[in-house]
Amino acid sequence: MDYKRILAALLALVMISLPVAGRAENRVADLLAELREAETETAALRLENQIVAEWSKSGSASMDLLLKRGRDALEVQNFTAAVEHFRALTDHAPEFAEGWHGLALAYFGAERFGPAMDALERVLALNPDHFPALRGVGAINERVGNPTLAYRAFEKVLELRPHDPDVQQAMDRLEREAIGITL
């Protein structure tokens, strides 16, 4: 009898949590649509912050703490500590894209571009609309001398977030090398 009650309670909990997860995904989709249509850089920045806040919700207090500690380490440019926190986060929550993005930022800060690119690939496999990860792909490809790949990554960023002056400047800088000169 007790097993039936436990199973019923567990099933009820799962059923209650499913709509919440769906609503969060719908909220991000709505915010991404608004971001694509944003008319000003200020509006785009506000929407970007809301999207990143949604993506940063792991659903676990301990994973959120690792994310915060990793981001705090990044802020003071302690890349070794940041890598440790984000590695722990990705080990315990491999399906949490923000953990991989933080790890990519830590590796990039330490100028370890290969591992950074690997982490960015994981982010984009989990979340193809992750425009900060696409920015990272562009930045790494530009740094290692792949202007065409950098340009393509930056193009994708602008599809998702049209008001990104840094990305537009990078594309202007790379345009001649990446796509040549039109006659």
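Some points to look at:
- Take every Cα pair under 8 Å whose residues are at least 6 apart in sequence, average their separation, divide by the length of the stretch 114-183, and the relative contact order is 26 percent.
- Extension gain for Asp72 to Gln169 (0.36 nm times residue separation, less C-alpha to C-alpha distance): 32.1 nm.
- Alpha-carbon centroids, the stretch 126-154 and the stretch 45-76: separation in whole Å: 21
- Arg143-Leu65 FRET efficiency (beta carbon distance; Förster radius 30 Å; 0.05 resolution): 0.45
- In sequence order, calculated HN-Hα J values of the stretch 107-123 (Karplus, 6.51, -1.76, 1.60; Hz; x Gly/Pro): 5, 4, x, 8, 6, 9, 5, x, x, 5, 5, 4, 5, 5, 4, 5, 4
- Fully extending the segment from Asn26 to Leu45, taken as 0.36 nm per residue of separation minus the present Cα-Cα distance, adds 4.9 nm.
None of the figures in this text is laboratory data; all of them are computed from the coordinates on show. All values reported here derive from a predicted model rather than from experimental measurement. With ideal geometry, Cβ positions are generated from the backbone for all residues, glycine too; neighbour counts draw on all protein chains shown.
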